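Working notes for the structure below.
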Amino acid sequence: MSKKSRSKLWFLVHSWLALPIWFFVLIVCVTGTLAVVSQEIVWLANPQTRASAPSDDAPRLGYDQILTAIRQAEPQLLVDRISRPDEAHFALEVGVNHPDGRSSTIYVNPYTGKIQGTAPDFDFSAFTRALHGWWLVPFTNGYSWGWYLVSILGLPMLASLVTGLVVYKRFWKGFLRPTLRLRHGARIFWGDFHRLSGIWSIWFIAVISITGTWFLIQALLADNHISISSEPIIPAMTRESVPLSADGAPPPRVGLDRAIELAQQRIPGLEASSLFLPGNAYSHLSIRGRGWYPLMLQSATLNPYSGEVAALRLLSDRTSLEFVTESMRPLHTGDFGGLWIKLIWFFFGLLLSMMVLSGLLIWTKRTALATANALKREDKKTRARAQPVISREPSEVNP
Amino acid sequence: MSKSAMAVQPSRLSQLWHKWRFHINVLLLLIPLGFMPKYFSDQALFRGDSGLGEREIGEVQVGPWSLRLAEFRNLPPQPDGAAGYLKGFSAALCDACIEPVKATYLRIGKPRSLRAAGSLFFGTPYSMGTQLPVPEKTKADAELWITMEGWDGSMHQASIPLSQASPATVAWLNKQGAKQ
């Protein structure tokens, strides 16, 4: 195969990769982009989710004080989970149960302990994630087929990146001499846009497509009951480790702040950002948070009565394979380093969506052009049969 | 790209196909639209807005205590890998038992002791759930046993027929029996 026809083949592969499903890919990109900043959108729309300090130097309350404040305001509520979102401008999210059996999330001010409101029934964050992640197809037995439908897109996206870089000859020159011609018609503009945003998004497209493909592998592993986890299953507490009480009232439990202190003695630098309260008399208290490596969580599991640490899950407990696989999800969602990382992910998500769209626009315009040319040629041919037909694909020119 | 210049006039259908073939994937949007009612009803079920579960079994008296029992899904047991078939139940404790009850268990057949009382309920007394293993060879006339343990060490038990607790499970068992 000649060099020219080989590059033509690469080009053909590149232009066909997303074409038959471009709209689907576009919507998945757009919903993913929205999902990245969904928490921020909720923050903007709903003042109850904000953590406003009463004064500049107001200290944050401890978790015990938070629990006491909730109990005083709503004595009937039972708390099962407290989480402190990564960014300090968010209120605490507390999972509660109501006497009628409903469960909900309430927003609690971290400085005053005031219940600022209840999360609405329509959870915007969860909805965008469900739409992006599994196309709303329910999980019945194992992973939903919507999950497969979306995650398999990682493969054509990765292939688009590779073929795109092959057909864009000497693409690195685009970094030094960025070209975006605005006045040469739509076809030229979208072509320039596609190439320019493409080279600046190489890293992002690689990250999204590789992590997306991981989601496919993850589902395949889970549905075939193959586990790569080195995490031991923590059994429920033994009968002996749960105290009886003569008067029939539940025995006292270790305070949350004390439990965090005990956990931090074992995991130095643990940020206690999520607390899962025991779900029954034989279940543990679990404290989770980040350590020095922002992509993974560490956790301590404690006996809630004695404060004894039953299990730890540290960064160093992970196998090297788990370091890679557990980093995949945060790399995909961009929720590991605060607002700025999210905004970067959002920006490149928009760019990626625009690349799908510009790719389609280029294709449409080129096809329209090629069709018109072909018709013209046909016309000529019927009039003067002598002229040879030169079929010329509009090829990618170097800027 | 010069297919449109074919000498034979293409049929109307192939013309339509040719024109719209790259747009029909818009129809994939119908999938999430179709699943949206299911998504929201599931969310309501998970939040407990639509009650304890899809099918309420009713109040069951267990010694001095009582609890409200429900099938989380009105479905037969679902396969869960090595764990075999699991059936989800939910329960809410009576107001007076929230303090004194230490743990609540569910089991098919009468437990021999408190140590083998079955699946432990997890959650808050207002709404808790458990996944009960249902062996494929369970008899359709089996009984579902509820064991409640007090903080003072006391224990109370009650049972209801499986056919009352979960008709879907009994129907599934009968079908399994027919297969064997």
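Taken together, the values in this text are just the output of simple stated rules run on the coordinates, not laboratory data. In this text the structure is predicted, and so the values were computed from the model without any measurement. When we count neighbours, we look across all protein chains shown, and the Cβ atoms used for this are built from the backbone with ideal geometry, even at glycine.
Quick notes on this structure:
- Judged by the gyration tensor of its Cα atoms, with axes a ≥ b ≥ c, the protein assembly as shown is prolate; a/c meets the 1.5 cut and a/b is the larger of a/b and b/c.
- Order of A:S151, A:S316 under a 10 Å beta carbon neighbour criterion, fewest first: A:S316, A:S151
- Modelled spin labels at A:K3 and A:T68, positioned 7 Å past Cα toward Cβ, are 7.8 nm from each other.
- Among residues other than A:L297 with Cβ under 9 Å from its Cβ, the summed charge is +2 (Lys and Arg +1, Asp and Glu -1).
- The peptide list B:90-96, A:284-290, put in order of mean Cβ contacts within 10 Å with the highest first, becomes A:284-290, B:90-96.
- Cross-link partners of B:K38 among aspartates and glutamates (Cα-Cα below 19 Å; sequence separation of 8 or more within a chain): A:D121, A:D123, B:D49, B:E54, B:E71
- Gap separating the Cα centres of the range A:28-69 and the range A:137-204, nearest whole Å: 33 Å
- Nearest 10 degrees, 0 to 90: helix A:22-36 Cα axis against chain A principal axis: 30 degrees
- Amide H within-cut-off set for A:Y305, under 5 Å, with H built and near neighbours excluded: A:V254
- Where only C-alpha atoms are counted, convex hull volume of the range B:55-179 per residue in Å³: 99 Å³
- On the basis of the beta-carbon distance and an R0 of 56 Å, B:W20 and B:L114 show a calculated FRET efficiency of 0.25.
- Net charge contributed by nearby residues that have their C-beta within less than 10 Å of A:P278 (K/R +1, D/E -1): 0
- For the pair A:S125 and A:E240, the difference between a 0.36 nm per residue extended length and the Cα-Cα distance amounts to 37.2 nm.
- Using θ = phi - 60° and Karplus 6.51 cos²θ - 1.76 cosθ + 1.60, couplings along the range B:46-63 (whole Hz; Gly, Pro as x): 5, 7, x, 5, 9, x, 5, x, 6, 9, 6, 8, x, 7, 10, 7, 10, x
- FRET efficiency for A:D223 and A:E322, using Cβ-Cβ distance with R0 set to 22 Å, rounded to 0.05: 0.65
- Exercise: per-residue mean of other protein chain Cβ atoms within 10 Å, A:31-43: 0
- Per-residue mean of C-beta atoms belonging to partner chains within 10 Å, peptide B:116-126: 5
- Pairs from the table (B:K137/B:K175; A:K4/A:K380; B:K110/B:K139; B:K87/B:K137; A:K8/A:K380) lying more than 19 angstrom apart at Cα are A:K4/A:K380; A:K8/A:K380.
- Between A:N373, A:N97, A:N303, the Gaussian network model of chain A with springs among Cα atoms under 10 angstrom shows the greatest mean-square fluctuation at A:N373.
- The mean number of partner chain beta-carbon atoms within 10 angstrom of a residue's beta-carbon across peptide A:94-101 is 6.
- Bridgeable lysines around A:K3 (alpha carbons under 29 Å apart, same-chain partners fewer than 8 residues away excluded): A:K169, A:K173, A:K365, B:K3.
- Global geometry of the range A:1-152, whether rounded, prolate or oblate, following the gyration tensor of its Cα atoms and the 1.5 cut on a/c: prolate
- Extreme residue, positive dipole direction of chain B, given options B:F46, B:W151, B:G34 (C-beta unit charges): B:G34
- GNM top mover of B:L13, B:L52, B:L30 - chain B, alpha-carbon springs below 10 Å: B:L13
- Gaussian network model of chain A, springs between alpha carbon atoms under 10 Å - residue of A:R366, A:R183, A:R258 with greatest fluctuation: A:R183
- Taking a straight Cα-Cα cut-off under 17 Å and skipping sequence neighbours fewer than 8 places away in the same chain, the aspartates and glutamates within cross-link reach of A:K342 are A:E40, A:D86, A:E87.
- Charge context of B:G58, other residues only, Cβ under 12 angstrom, K/R +1, D/E -1: -1
- Amide proton proximity set for A:G117, modelled H, under 5 Å, gap of 5+: A:Y107
- A simple spin-label model places pseudo-atoms 7 Å from Cα toward Cβ; at B:K139 and A:K376 they are separated by 8.7 nm.
- Placing unit charges on the Cβ atoms of the charged side chains and taking the dipole of the protein assembly as shown about its Cα centre, the candidate lying farthest along the positive direction among A:T301, B:N25, B:G88 is B:N25.
- On Cα atoms only, tilt of A:3-16 relative to the major axis of chain A in degrees: 50 degrees
- Neighbour-limited loop hits for chymotrypsin sites (Phe, Trp or Tyr not before Pro), the range A:217-295 (at most 16 other Cβ within 10 Å; DSSP other than H, G, I, E, B): A:W292
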